[in-house]
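Encoded as structure tokens, the structure appears first; notes follow it.
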Amino acid sequence: MNPSLNQIGQISVNVHELERATAFYRDTLGMKCLFTVPKMAFFDCGGIRLMLAPPEKPEFDHPSSILYFKVEDIDGAAATLLERGVAFDAKPHLVARMPAHDLWLAFFRDSENNLLSLMGEKPRA
């Protein structure tokens, strides 16, 4: 058997206050909550399941990897999140000029202090 790891089925994000984090992802970010069970909440993120849960062991208690949420209109998405109370570490800014588009990022933190980012591809004129 030669497995090929080419699809992510679920991403786990460490949280310390599950109710607060669930409200942030559901109400502030507008993500669809799939279901909750004791100590875990699951969201749909474009077909990838996002799990919020406290770390199972002390050695797993660290910030999550950075999640980059791809959006069509990064300026509009950032403005909406600002209206919902999200504080940005870095507002939308140009990161790289590509042949067909410019890559823009905007960094912010969730309710548990995990770093997240909006990612937008603006078509080149």
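Brief remarks follow.
- Cα-based shape type of the stretch 36-77, given that a ≥ b ≥ c are square roots of the gyration tensor eigenvalues and the cut on a/c is 1.5: oblate
- Annotation: amide H of residue 119 within the under-5 Å range of 69, 70, 71, sequence separation 5 or more or interchain, hydrogens built in the peptide plane.
- In this simple spin-label approximation, residue 122 and residue 79 carry label points 7 Å from Cα along the Cα→Cβ vector, and these lie 1.3 nm apart.
- Estimated from helices alone, the mean residue ellipticity of the chain at 222 nm is -3500 deg cm²/dmol (sum of -39500 (n - 2.57) over DSSP H runs with n ≥ 4, per residue).
- Simple label model, 7 Å out from Cα along Cβ direction - residue 44 to residue 107, nm: 3.2 nm
- Acute angle (nearest 10 degrees) that the helix 74-83 long axis makes with the longest principal axis of the chain, alpha-carbon atoms: 50 degrees
- Cα-based shape type of the stretch 78-123, given that a ≥ b ≥ c are square roots of the gyration tensor eigenvalues and the cut on a/c is 1.5: prolate
- Nearest-20 debye value, the stretch 10-123 charge dipole, Cβ charges on Lys, Arg, Asp, Glu: 140 debye
- Translational diffusion coefficient (Stokes-Einstein; Kirkwood radius from C-alpha pairs) of the stretch 55-110 at 10 °C, 1.306 mPa s, in µm²/s: 120 µm²/s
- The radius of gyration of the Cα set in the chain, together with its Dmax, comes out at 15.9, 51 angstrom.
- For the chain, DSSP calls about 70 percent of its internal beta bridges antiparallel.
- All lysines inside 23 Å of residue 91 as judged from Cα atoms, apart from same-chain residues fewer than 8 positions distant: 70, 122
- Radius 12 Å from Cβ of residue 20, net charge of other residues (Lys, Arg +1; Asp, Glu -1): -4
Each reported figure results from applying straightforward, stated rules to the coordinates on display, with no laboratory input. For clarity, every value in this text was computed on a predicted model and none was experimentally measured. For neighbour counting, all protein chains shown are included, and Cβ atoms are generated from backbone atoms with ideal geometry for every residue, glycine included.
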